[in-house]
1. I'd like the full set of residues that are surrounded by 15 or more Cβ atoms within 10 Å (Cβ to Cβ) and farther than 20 Å from residue 158 by Cβ, limited to the stretch 69-85.
2. Among the residues of the stretch 30-58, write down those that are farther than 11 Å from residue 146 by Cβ and either among the acidic types (Asp, Glu) or within 20 Å of the chain's Cα centre (by Cα) (or both).
3. With 77, 111 as the choices, which residue is over 30 Å from residue 190 (Cβ atoms) and at pLDDT below 80?
4. So residue 176 clears everything in (1) more than 18 Å from residue 119 (Cβ to Cβ); (2) surrounded by fewer than 21 Cβ atoms within 10 Å (Cβ to Cβ); (3) touching a helix residue (DSSP H, G or I) at 6+ places or on another chain (Cβ under 8 Å) except one condition, right? Which one?
5. Among (1) surrounded by 20 or more Cβ atoms within 10 Å (Cβ to Cβ); (2) of a type outside the set (Asp, Glu); (3) in contact with a Ser or Thr (Cβ under 7 Å, 6 or more places away or on another chain), which single condition is residue 212 missing?
6. State all residues of the stretch 145-173 that are surrounded by fewer than 24 Cβ atoms within 10 Å (Cβ to Cβ), in contact (Cβ under 8 Å) with a residue 24 or more places away in the chain and either within 13 Å of residue 36 (Cα to Cα) or of a type in the set (Gly, Ala, Ser) (or both); if no residue qualifies, say none.
7. Residues of the stretch 61-81 being more than 15 Å from residue 110 (Cα to Cα) and either in contact (Cβ under 8 Å) with a residue 24 or more places away in the chain or not in a helix (DSSP H, G or I) (or both), which ones?
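The values are calculated or read from the model by the stated rules, or taken from the named source; none is laboratory data. Values in this document were obtained by computation on a predicted structure and should not be read as measured data. Here the Cβ is made from the backbone with ideal geometry for all residues, glycine too, and neighbour counts use every protein chain on show.
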Amino acid sequence: MSALEKTVRNGIRILAQSSRTAPRTVGAFYATALETFRLTAKRPFQFREFVAQAWFIASVSIVPTLLMAVPLCVMVVFQINVLLNEIGAIDLSGAGAGVAVIREIGPVVTVLVVAGAGATAICADLGSRTIREEIDAMEVLGINPIHRLVVPRVLASTLVALFLNGLVTAVGLTGGYLYAVFLQGATPGQFVTAISILTGIGDLMISELKAAIFGLLAGLVACHLGLSVKGGPKGVGDAVNQTVVVSFMLLFLANAIITTLSVH
């Protein structure tokens, strides 16, 4: 048997195994999510853990957010302004910047940072606890790990995503203003006035809703995969990689659905 045939057969075998385990994996994720929602209102609420996790997620997410938001927002606004300049409507650049930054760039950057930095850190933390059998020890002591560990992390991820989206929006609009006014000849007053032509408070609220859902989904995925780690340290690394892939898939799907529903 040639090497190519072996590779093809191994690929077919992996796909077959994945198709058999996929329903069980999805069901386990839904079970974790439902248990998390059920225990969110249970007392006592782990406020100290919530604050610590919110600070931890923010500390690993703020710098990547700024590094991604500035060039991405500026380049998108630059392309919009080039088009507007061609038709003599450069003073409407504020409207284009508002639509691009508030409706899409803010939530998308939040997707990338929350899933790529915050969720992976959560998964690595819980995965390390799992392979050290700390989770099993908590269950033996009668402590529910979902209530003690997962709920504070999911809520912290949701809250930080909201603030990150606001940060990206502020930075993006400021960078777009400076770029359009000082490098592309837009009028400062017209830029600011035009922002509200196509966007308003409703668009900002939808953007914040997207960010909250993104943070919630990323936190749930990270916690579920972190608690499901098997195979020692290698399993933790695999779970972190799966967190990034699964989070991106769910978050972009949620973004498409929410955008479609909000337009109609």
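1. Once the filter is applied, which keeps residues that are surrounded by 15 or more Cβ atoms within 10 Å (Cβ to Cβ) and farther than 20 Å from residue 158 by Cβ, the stretch 69-85 yields 70, 72, 73, 74, 76, 77, 78, 80, 81, 84, 85.
2. Residues satisfying the conditions are 30, 49, 50, 51, 52, 53, 54, 55, 56, 57, 58.
3. Unique residue meeting the criteria: 111.
4. For residue 176, the exception is condition (2).
5. (1) is the only condition that residue 212 fails.
6. 145, 146, 147, 148, 152, 155, 166
7. 74, 76, 77, 78, 81
Matching residues to (1) of a type in the set (A, V, I, L, M); (2) at pLDDT below 85; (3) surrounded by 10 or more Cβ atoms within 10 Å (Cβ to Cβ):
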{"site": "12", "(1), (2), (3)": "yes, yes, yes"}
{"site": "26", "(1), (2), (3)": "yes, yes, yes"}
{"site": "30", "(1), (2), (3)": "no, yes, yes"}
{"site": "49", "(1), (2), (3)": "no, no, yes"}
